[in-house]
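First comes the structure, then the notes that go with it.
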Amino acid sequence: MPEKLTIIGSGPAGWTCAIYAARANLSPLLYEGAISEENRLRNTLPMGQLALTTEVENFPGFPEGIQGPQLMMQMRAQAERFGTRIATEDVVSVDLSRRPFVVNDSAGNTVETMALVVATGASANYLGLESEQRFKNRGVSACAVCDGALPRYRNQPVVVVGGGDSAVEEATYLTKFASVVYVVHRRDKLRASPIMARRLLENPKVKPVWNSVVVEVLGDDDRGMTAVRVKNVVSGELSIIEAPGMFVAIGHTPNTAFLGGQVRCDEKGYIVLTDPFRTATSVEGVFAAGDVADPIYRQAITAAGMGCKAALDAERWLAAGGHH
């Protein structure tokens, strides 16, 4: 007997989808991902990016804030309470060319499912430095909107790495809180749209660091990150910028490789929704929610909202096909 609904992903989108689907008596199966060294290195362990975040201050309902892992564990428990079944494995491939769909996981199991929700998120691109890994969430971040207002960065100098639209948006946002925003870019001109770049560079709090790359994040166990070592790619000169925070803004990679090109994605790999107000994809019966289909907002609350929509869309699609 095939599953009615299978959900792939265990961030806010996946768990919210599971909560709604379980309460609709769909008895969903959710793949939360495998606990493996490979996933740790790729930042794709179960519970999504929030599981790697310390203080979450902007999720409604928690006026004093909440730890990211705690929030995710509460979502997981809520989904399980209503009957969600959880598989702690990765989905390695799917076959969407036949009905029911076929899902293959990392344990060698094969599951058939009538409907599928993809909520696998997008992984932030980092510089790949060992020192950067050491200070993630202790000064190193990939989300200014998530972390920029935290006490650690208020009235302090911060570093933004990147030169595209996302880097400019992050840097502009950080000028609300930081004393100085150093924008480190490997070229001598921002790649962002001219109007955004001009607006940023006209801000007196912004100091561009041209033709430069971060080669090391400095700090200690007590204070976390305290500075970055920067190399000028033209002169080879090394210098240190003292700052308790570095925001890496060099893009995200949607976790869609396992789909094997069977669902329409844009040039960056984000799943394309057939209707921007719904969650249906190019394959009937396959829905997408959260950062995997959202290159714009990438917030826990918007992902959760999309998870709700995906569950409702899937339930109605199944009901229309007589699969109650």
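Rg and Dmax of region 112-255, Cα atoms, in Å?
Final numbers for Rg and Dmax: 16.0, 59 Å.
Of Pro100, Pro69, Pro151, which has the largest mean-square fluctuation in a 10 Å C-alpha GNM of the chain?
Maximum among the listed residues: Pro151.
Could you list, in their original order, any pairs among Lys176/Lys231; Lys189/Lys309; Lys4/Lys136 whose Cα atoms are separated by more than 32 Å?
Long pairs (Cα-Cα over 32 Å): Lys189/Lys309; Lys4/Lys136.
So which cysteines of the chain have no other cysteine's Cβ under 4.7 Å from theirs?
Cys17, Cys265, Cys308
Kirkwood Rh over alpha-carbon pairs of region 1-149, then Stokes-Einstein at 37 °C and 0.692 mPa s: what D in µm² s⁻¹, rounded to an integer?
Value of D from the Cα-based Kirkwood radius: 200 µm²/s.
When the helices in the chain are scored as -39500 (n - 2.57) per DSSP H run of 4 or longer and the sum is shared across all residues, what 222 nm value do you end up with, to the nearest 500 deg cm²/dmol?
It comes out at -7000 deg cm²/dmol, rounded to the nearest 500.
Pick from Met225, Met47, Met196 the residue whose mean-square fluctuation is largest in a GNM of the chain, springs joining Cα atoms under 10 Å.
Met196
For the chain, state the average projected area of the convex hull of the C-alpha atoms over all orientations, rounded to one decimal in nm².
17.2 nm²
Hey, can you rank 109-119, 280-290, 311-321 by average C-beta count inside 10 Å, highest first?
Per-residue Cβ counts within 10 Å, averaged per peptide and sorted highest first, yield 280-290, 109-119, 311-321.
Would you please classify the overall shape of region 166-324 from the alpha carbon gyration tensor, given that a ≥ b ≥ c denote the square roots of the eigenvalues, rounded means a/c under 1.5, and beyond that prolate means a/b larger than b/c while oblate covers the rest?
Prolate is the answer for region 166-324, as a/c is 1.5 or above and a/b outweighs b/c.
Name the residue, out of Pro12, Pro276, Pro244, whose mean-square fluctuation peaks in a Gaussian network model built on the chain with Cα pairs under 10 Å.
Judging by the Gaussian network model, the answer is Pro276.
For the ranges 16-22, 212-218, what's the packing order if you count other beta-carbon atoms within 10 Å of each residue, average per peptide, and put the highest first?
Packing order, densest peptide first, comes out as 16-22, 212-218.
Find how many whole Å separate the alpha carbon centroid of region 109-168 from the alpha carbon centroid of region 72-96.
After rounding, the separation between the Cα centres reads 23 Å.
Quickly rank 171-177, 26-32 as a protection proxy: mean count of other C-beta atoms within 10 Å, highest first.
26-32, 171-177
For region 273-279, what does the Karplus curve 6.51 cos²θ - 1.76 cosθ + 1.60, with θ = phi - 60°, yield as ³J(HN,Hα) per residue in whole Hz, taken in order and with x for Gly and Pro?
8, 5, 9, x, 9, 10, 10
Tell me, what does the Kirkwood hydrodynamic radius of region 247-307 come to in angstroms if you use every pair of distinct C-alpha atoms?
12.1 Å
Within a Cβ distance under 10 Å of Val183, other residues only, what is the Lys/Arg minus Asp/Glu net charge?
Taking every other residue near Val183 into account, the sum is 0.
Apply the membrane-span-like helix rule to the chain: whole DSSP H runs, Cα extent along the own long axis of at least 27 Å, mean Kyte-Doolittle hydropathy at least 0.5. List the helices found.
Result, helices passing both filters: 300-320.
Output wanted: per-residue J couplings in Hz (rounded whole) for region 144-160, from phi through Karplus 6.51 cos²θ - 1.76 cosθ + 1.60, θ = phi - 60°, x for Gly and Pro.
5, 5, 5, 10, x, 8, 5, x, 4, 9, 5, 6, 10, x, 10, 10, 10
Bear in mind these aren't lab numbers, they're just calculated from the coordinates by the rules spelled out. Predicted model only: the values in this text are computed from it and were never measured. Quick reminder, even Gly has a Cβ in these numbers, built from the backbone with ideal geometry, and neighbours come from all protein chains shown.
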